[in-house]
Amino acid sequence: MTEDKLKIVVFGAFGAGKTTLIRTLDPLSKHVEADCTGGSTTIALDFGKVDVNGRHVYLFGTPGQERFEFAREIIGKGMDGAILLVDATCPFDEFVGHLYDSLTGSHIPFVVMINKYEEVGAQAAALKKHISGVPVHAISAKDRQLAFDALCTFVATLPPGHGHVHHDLS
């Protein structure tokens, strides 16, 4: 029997919490990052692994700056599903809209996870107005149980990943 492996790519704007989400789900995850104003930022990818009900889920986090579109396209090749991580404390801007439209147009199964929904100034309800036809989960990227439950719910909707035709985000 072949193992069921899924490639799930996490998209989102700078500071949305992609690295934090992957680190929370897999504390042994790997990151390629660089120093920047206010800390560090992902410049290539994040990578983590987690088992979800016997399925091996490989999580790939993408850089959140517009100039790294090429990296998102490369990382997205062959993905079985995607997570669009949105920061509830920021408006649904043109960049997040571009990511959402790209995922919607690609016909790749995806879910929207609204991060930081519990923080002061969060506007999760306003963000949901821009999203339709896709599941939405309010999470905290720092809360393993909330994040894992949302991931499990999404993974349960995906067909087996090993051996089927993969989708591209191009």
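Side notes on the structure shown:
- Length gained on full extension, GLU3 to GLU118: 37.7 nm, using 0.36 nm per residue less the C-alpha separation.
- The distance between label points at ALA125 and PHE14 comes to 3.1 nm (points 7 Å beyond Cα on the Cα→Cβ vector).
- Calculated over the range 59-123, the projected area of the Cα convex hull averaged across directions stands at 4.6 nm².
- Ranking of VAL52, VAL10 by neighbouring Cβ atoms within 10 Å, starting from the fewest: VAL52, VAL10.
- Cut-off 19 Å (backbone N to label point 7 Å along Cα→Cβ of PHE47), residues of the range 58-99: 58-64, 70-83
- Calculated on the alpha-carbon coordinates, the convex hull of the range 5-155 measures out at 107 cubic angstrom per residue.
- Restricting the trypsin sites (Lys or Arg not before Pro) of the range 70-170 to loop positions (DSSP other than H, G, I, E, B) with no more than 12 neighbouring Cβ atoms within 10 Å leaves LYS129.
- Note: relative contact order over the range 4-148, using C-alpha pairs below 8 Å and six or more positions apart, is 26 percent.
- Using C-alpha pairs below 8 Å separated by at least 6 residues, the relative contact order for the range 90-166 is 29 percent.
- Inter-label distance for HIS107 and VAL136, nm, one decimal - labels placed 7 Å from Cα along Cα-to-Cβ: 2.6 nm
- About the Cα centre, charge dipole magnitude for the chain (Lys/Arg +1, Asp/Glu -1 at Cβ), debye: 220 debye
- Whole-Hz ³J(HN,Hα) from phi, Karplus 6.51 cos²θ - 1.76 cosθ + 1.60, for the range 140-152, glycine and proline x: 10, 4, 8, 9, 4, 5, 4, 5, 5, 4, 5, 5, 4
- In the chain, helices alone account for a calculated mean residue ellipticity at 222 nm of -7500 deg cm²/dmol, with every DSSP H run of four or more residues adding -39,500 (n - 2.57).
Coordinate-derived values only; no laboratory data. It should be emphasised that the depicted structure is a prediction, and the values quoted were computed from it without experimental measurement. Here the Cβ is made from the backbone with ideal geometry for all residues, glycine too, and neighbour counts use every protein chain on show.
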